[in-house]
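Read the structure below first, then the notes.
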Amino acid sequence: MEEQGIFLVTRLSVHGKEKIVSAFYESGRAAELSCMSSGTDSLLGNIYVGKVKNILSNINAAFIEIADGVLCYYSLAENDTPLYTSPKKKEKLVPGDELLVQVSREAVKTKAPTVTCNLNFAGKYLVLTTGKKNLGISSKLEQTERQRLRQIAEPFFQEDFGIIVRTNAAGAGEEELREELTRLTALVRRTLETGRNQTCFSLVYREPPVYAARIRSLPQNRLGKIVTDDRILYEELFSYLSEYQPEDLNKLQFYDQEAPSLNSLYGIGGALEDALRERVWLKSGGYLVIQPTEALTVIDVNTGKYQGRKKQQDTFLKINKEAAVEIARQLRLRNLSGIIIADFIDMEAQEDQKVLMDYLASELKHDPVKTTLVDMTALGLVEITRKKTQKSLFEQVYSD
C-alpha cells in the first residue's frame, strides 16, 4: 500500500522574514512547496465590484479597478458576458461600468493581476462556473471513471452555471458529490446576489488563505494527514475544513512537541532551500541547471559526474530519463509556470528521442496543474507549458 501524503503548515524565518510555509510530502519527499508572507492576504480568487477604468481596443482588453489605484487586466475576448452590478442593455463595455470580477491570476513582476467575469468556485471534487455553462470532466481521469462521473453529475447540471468535475473526484460517491454541489451552489447564488447590492470596490467574496485553499487541490486519495504546530494556523485550517471539507476534519492534527520541532522532523526549511538552488543533482551523477528568466524558464541537463560503463548513447538516454523524472518533480515543487525549455543531452537516434518524449509525457501527467508537453524542436530543445495562476516559489520568497 502506498504511503499516505502529509500536508504541513508552519511559520519559518526565510531570508530574515517570517513566512507561512506549506509543504506536501509524498514518499518522504517534498512534492509541493508554498511560501507566503505572514499576514499578507493574496488577491487570487477574491471577487470584487470593480469599475472599468479604460478600454484598450488595440489589444481587445480593458483595465478594471478593484480598489483605489489597484488596476487589473481584463480580456474582452475571454469575457463575452460581463456581470454588471446594475441592469444594462447589451452594449459594449465603457469606462465607468461596474462589474463583478474575480482575480484569476496574481500580479507577476511587471504584469498587473488578471480579473474575469467567469467566476469559479472550487471545491474538492467540483468547480462551479458562471461563464462556461456546460458539464466538463477532467481529462486526466480514466475513460471508465469519466463515464461513471458523467452519469452521476448530469442530473445535477443546471443551465444557470457550469460544472467541472475535478481529477480528485476519482472514486467519489454520488452522496459526496451532491453534498459539495449543494454547498457550492449556495455559495454561488449568495455571492451573485450580494455582489449586485454592493458599492464599487467592495470585496464580495474572500478566498480562504492560500495555504488552506491548497488542501482541495492535493491528491485526496493520497492525503493522510494535515499537520501544523501554530495555534492560529490550526484554527484557520479548522475553520476552512469545517466550512468546505468537513469530511477531512479528522485528518487535521496539532503538533505540540517542543523537540524535535515540526520543521526539524520533516526538514521543511532544508527542502525549501534546496528548491531555491539553481543546481539539482541526479542520483547518476548528472545534474540539472534551472534558470528562471523574465520570459521563460530554462532547464539544462548535464552528464556531470556520471561514471557509467555503457556506450555513450545508452548513457545519454539513461541520464535523460532520470532528468525527465526530476524535471516533472521540480516544475511542481517550485511552481514553475508559463513556457519551460528543457535542453536534454543530445541523442542521435530518433528512437531514443521518442522514448524520452514518451517517458517525459507520462511523468508530467502526475502534475495536478495543467501541463502540456509541446514538442522537441529541430535543435533538440523540449518545449513544455504549465498553467500559471500563482507566483513561482522563487517569486514568493524574494518578491514579497
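Worth a mention:
- For the range 61-66, 3J(HN,Hα) per residue [Karplus equation, 6.51 cos²θ - 1.76 cosθ + 1.60, θ = phi - 60°, Hz, x = Gly/Pro]: 8, 9, 10, 10, 8, 9
- Whole-percent carbon and sulfur share, accessible surface of the chain, 1.4 Å: 49
- In nm, spacing of pseudo-spin labels at Trp281 and Val374 (7 Å Cα→C-beta vector): 3.3
- Phi-based couplings in Hz for the range 149-157 (Karplus 6.51, -1.76, 1.60; Gly and Pro marked x): 5, 5, 4, 6, 7, 4, x, 7, 5
- When Rg and the Kirkwood radius Rh are both evaluated on Cα atoms of the chain, their ratio Rg/Rh stands at 0.98.
- If R0 is 45 Å, the Cβ-Cβ spacing of Glu91 and Arg206 corresponds to a FRET efficiency of close to 0.90.
- Taking amide hydrogens as placed 1.01 Å from N in the peptide plane, the amide H of Leu282 sits under 5 Å from those of Tyr287, Leu288, each at least 5 positions away in sequence or on another chain.
- Close amide H contacts of Leu76 (hydrogens built in the peptide plane, cut-off under 5 Å, sequence separation of 5 or more or a different chain): Ala61, Ala62.
- In degrees, nearest ten, helix 231-244 long axis to first principal axis of the chain (Cα): 60
- Residue-averaged 222 nm ellipticity for the chain, from DSSP H runs of 4+ at -39500 (n - 2.57), nearest 500: -8500 deg cm²/dmol
- With Rh defined as the Kirkwood radius, the inverse of the mean 1/r over Cα pairs, the Rg/Rh of the range 3-100 is 1.19.
- Rounded to the nearest 10 square angstrom, Glu154 shows an accessible area of 100 square angstrom against a 1.4 Å probe.
- Efficiency of FRET between Ile339 and Lys140 - r from beta-carbon atoms, R0 30 angstrom, step 0.05: 0.90
- Residues with amide H under 5 Å from that of Gly131, placed H, sequence gap 5 or more: Leu119, Gly162
- Where Glu159, Glu395 fall by accessible area, highest first, once all protein chains stay in place (1.4 Å): Glu159, Glu395
- If R0 equals 30 Å, the separation of the Cβ atoms of Ala349 and Glu3 corresponds to a calculated FRET efficiency of about 0.20.
- 3J(HN,Hα) couplings calculated from phi for the range 103-119 with the Karplus curve 6.51 cos²θ - 1.76 cosθ + 1.60 (θ = phi - 60°) are, in sequence order, 6, 9, 8, 5, 5, 10, 6, 8, 8, 6, x, 10, 10, 8, 8, 7, 5 Hz; Gly and Pro show x.
- Placing unit charges on each Cβ (+1 for Lys and Arg, -1 for Asp and Glu) gives the chain a dipole about its Cα centre, and among Ser217, Ser37, Asn118 the Cα reaching farthest toward its positive end belongs to Asn118.
- With the alpha-carbon atoms of the range 217-283 aligned to their principal axes, the span from lowest to highest coordinate is 42, 30, 17 Å, starting with the largest.
- In the context of the full set of protein chains, residues of the range 104-178 present 51 Å² of accessible surface per residue (probe radius 1.4 Å, heavy atoms only).
The values are calculated or read from the model by the stated rules, or taken from the named source; none is laboratory data. Note that the structure is a prediction, hence the values are computed from the model and not measured. All Cβ positions, even for glycine, are placed from backbone atoms using ideal geometry, and neighbour counts span all protein chains on display. When the accessible area is computed, the model is the full protein with side chains, heavy atoms only, and any ligands, DNA or RNA have been set aside. Shrake-Rupley method; radii C 1.70, N 1.55, O 1.52, S 1.80 Å.
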